[in-house]
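A quick write-up on the structure given underneath.
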Amino acid sequence: MGARPAAGRPDQRGTNQRMGSIFSVADFMDMLRRRRGVVIGVFVLGCILSLLFAAAQRHLYTSSEVLQMQGAIIPGEMAPSTVQGSSARRLQLIEQQVMSRGAILDLIEKLGLFDDAPAMTEERQVAIVRESVSITGVAAAREGYSDDGEVSLLRITANWPTAAGAQNLAHEISRRTVSLSVSTRLDQSRETLDFFTLQEDAARSAVQALEREISQFRARNDVALPGEADSVQREIVTLNETLLTIDRQMIALQRQIAGPAESRVERRDREEQQAQLDSLEEERALLQRNIDALRASIEGTPETQRQVEEYERQMTSLQAELEAASARRKEADIAYRLETQRQAERLTVLEPASLPEHPYTRSRKLLAALGVVASTIAAIGAAFLVDLRHPVIRSAAQMEHALGLRPVVSIPQMQPVRRRRSLRDRLFRRR
């Protein structure tokens, strides 16, 4: 039926905007009947696309392995570690090594991850593995307001089309992370120990070389050694005491000789005393020469003495360096022993990777069902849009709702039905 409004009625443009509206369930069903071609076409096309999309989706399984960062058994105050830096920074470096191209290719070959796709390029394989693996850390509890960068937990998650593949991938990444953590700490501790050992050897060699140089210098300049200087000094003290005794004897003899000699006996005694005094003077001169020689042996010339003092300063400095290097080498040796015995900070498996029972992605049936629902909605929407582009009043209710006028008569559109003639009627009609 196609009724047209009379002249003088409301604006035609506003009417057209309201003609495409659906005011009842009957109008909605009539619209679907009239646009069934569009509805069926859009619905079938949407279902086909939904089925193709659902068939292209792959199930993904997820598996996670949790590592725990355990502290050192012996406190750091008693046995300081030679591995410096926060655990977060060290784990970041380890993650970069684990996820490097060479490490991933070795992992793919070991686990046979792409045996079913031999034509896939290595770049694509590496990209897929990197997208499938995630390593996240959980920061340790803070002490006060400072963040020391320590990590308490490390979670390694792997997503893969097969359950066994996800479990093996997470476990292998975890194993390599723990192995790299141990080897990295051992290498750093060994390098530190080697450095301080070389430093200690260099300091000891320098001390020995200086000792040889000092010995040669003392031999060339007849300078007593430090140990010999004490004995020489004691010998000088003894000679001085002997020299003092001789001086006392000489003074006593000189007093006896000073008096007048009247008799022959007195003159003979004075001659003997004079001879004894001369002997004492010779002995005193000999002792004085010995004392001077001993003093010269320990003092030497001013230049020699300055060189000896310079040697002593150098020896003191080298011995201090040797003691410091020896102390640091001992600390590095203790730290290395702790690392080899796994008593320092280390990663341990807290939760091993489990075999997932179900995929975490949506099932293909659910995706197909959602696609059917979406196709239905899209088909109805397309039919409504097509119907809206051709607004026509098709019933009395629509005319009354749109124009506010109730039609008196509603004449349906009549289409003549053509009777199909049989083949016999056509033949006889032609004759």
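Laboratory data are not the source of any read-out in this text; all were calculated from the coordinates shown. Since we're looking at a predicted model, the values are computed, not measured. As a convention, Cβ positions derive from the backbone with ideal geometry for all residues, glycine included, and neighbour counts pool all protein chains shown.
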(message) Quick check: residue separation of R255 and T348 times 0.36 nm, minus the Cα distance between them. What number comes out in nm?
(response) 23.5 nm
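Sort V138, V178 so the one with the fewest other Cβ atoms within 10 Å of its own Cβ comes first.
So the residues, fewest neighbours to most, are V138, V178.
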(request) Give me the number: length gained by fully extending L286 to Q319, i.e. 0.36 nm times residue separation minus the C-alpha to C-alpha distance, one decimal in nm. (result) 7.7 nm
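Just the Kirkwood number for segment 153-206, please: inverse of mean 1/r across all distinct Cα pairs, in Å, one decimal. Show your work: numbers first, answer last.
Working: mean 1/r = 0.0709 Å⁻¹.
By the Kirkwood definition, the hydrodynamic radius is 14.1 Å.
Taking the Cβ-Cβ separation of D278 and Y311 as r and a Förster radius of 56 Å, what is the calculated FRET efficiency to the nearest 0.05?
Numbers: r = 45 Å, r/R0 = 0.81.
The value I calculate is 0.80.
Kirkwood-based Rg over Rh for segment 96-135 (C-alpha set), two decimals?
On the way: Rg = 9.6 Å, Rh = 10.3 Å.
Using only Cα positions, Rg/Rh for segment 96-135 is 0.93.
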(request) Set the Förster radius R0 to 56 Å, insert the Cβ-Cβ distance between T238 and E191 as r into 1/(1 + (r/R0)^6), and round the FRET efficiency to 0.05. (result) 0.45
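Give the calculated FRET efficiency between Q92 and L198 to the nearest 0.05, with a Förster radius of 30 Å applied to their Cβ-Cβ distance. Don't skip to the end; give the middle numbers.
Details: r = 30 Å, r/R0 = 1.00.
For Q92 and L198, the calculated efficiency is 0.50.
When T184, T157 are ordered from fewest to most other Cβ atoms inside 10 Å of their Cβ, what list results?
On the way: T184 16, T157 19.
Exposure proxy ranking, most exposed first: T184, T157.
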(request) Multiply the residue separation of F28 and A117 by 0.36 nm, subtract the distance between their alpha-carbon atoms, and state the gained length in nm to one decimal. (result) 26.9 nm
